[in-house]
Every structure is written in structure tokens, then in C-alpha cells.
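We did not get these values from a lab; they are worked out from the coordinates using the rules stated. Keep in mind that this is a model prediction, so the values were computed, not measured. Here the Cβ positions follow ideal geometry from the backbone for every residue, glycine too, while neighbour counts run over all protein chains shown.
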Amino acid sequence: MKFKISKLDIYTIIVTYYTIMVVNVVIADLNRNFLIMIHPRFAPIVFSLFMAFFMSGIMSLVVTTINIGFVDELAVRWLNSWPMTFAIAWPTIMLVAPMVKRIVGRLIMQEIPVEER
């Protein structure tokens with residue numbers, strides 16, 4: 001299998017990488033200066049947001065690659081499909097997460113107190 005990476009693909013990957021890096025630096029800087037601190041009650045929403053962001057990005061890349069292979073416009077097609085998968089992933093995680101937490105809670109053994117050992 002032979003494929004070519006176009007200049008547009010390389011630029012798209014570079015721009016995406018540096019955008020993520022800049023966002024990380026900005027968030028870290030804001031947190032250091034205490035300008036953004038999110039209340040703990042919003043932790044499940046923030047967790048699901050980031051989980052949906054990363055999982056939808058990875059899954060859309062894998063599925064796009066499986067469907068069209070390593071072609072010149074892979075990065076462009078992937079970045080076009082990612083927002084649609086994120087729009088599905090985030091509400092899904094918000095709805096499914098409580099059920100998954102209950103299932104995991106039933107499967108995980110509770111810690112045995114020290115006196116009973």
C-alpha cells in the first residue's frame with residue numbers, strides 16, 4: 001500500500017498540534033493565576049467533555065482511516081468528521097456515565113476493614 005501525504009495534510013496536522021499545545025499552555029497559565037477554577041460539582045461535566053473530545057477524535061481518525069485508507073486527504077476528511085462524532089459522543093457520555101458508574105460499583109469489591117483481616 002502506497003500513500004502520499006499532501007502539504008495540506010501536513011499543515012493541518014501541524015496546526016492541530018500547535019492549537020492543542022497553545023490551549024494547554026493557556027489553561028495552565030490561567031489556572032496558575034487562579035483566573036479559571038471550576039467548582040467541583042461540575043467535575044462530571046468537565047470530565048465527560050474531555051473524554052468525548054479525545055475519544056471522538058481517536059475513534060473518528062481510526063474509522064476514517066479504515067474506510068478510506070491512507071489517502072492524500074485523510075487529515076482533512078478526519079477533521080471534517082471529528083466535530084460530528086464529538087456532537088454525538090458528548091451527550092452519549094453524559095447519559096451513559098451514571099449507568100457505567102453503577103455497574104463498576106457493583107463489580108468492584110469494597111475494601112475490607114483492617115480489623116477483619
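Numbers at a glance
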| item | result |
| --- | --- |
| Relative contact order (%) - the chain, alpha-carbon pairs under 8 angstrom, separation at least six | 36 percent |
| Built amide H within the under 5 Å cut-off of Asp72, gap 5+ | Lys4 |
| Among Ile14, Ile103, Ile66: highest mean-square fluctuation, GNM of the chain, C-alpha pairs under 10 Å | Ile103 |
| ³J(HN,Hα) computed for each position of segment 104-113 - Karplus, 6.51 cos²θ - 1.76 cosθ + 1.60, integer Hz, glycine/proline x | 5, x, 6, 7, 8, 6, 6, 5, 7, x |
| Pairwise label distance in nanometres, Ala28 with Thr16, each label 7 Å out on the Cα-Cβ vector | 2.2 nm |
| Helical mean residue ellipticity (222 nm; -39500 (n - 2.57) per DSSP H run of 4+; nearest 500) of the chain | -26500 deg cm²/dmol |
| The chain: projected area of the alpha-carbon convex hull, averaged over directions, in nm² | 12.4 nm² |
| Linear extension gain, Ile68 paired with Ile88, 0.36 nm per residue minus alpha-carbon span | 5.1 nm |
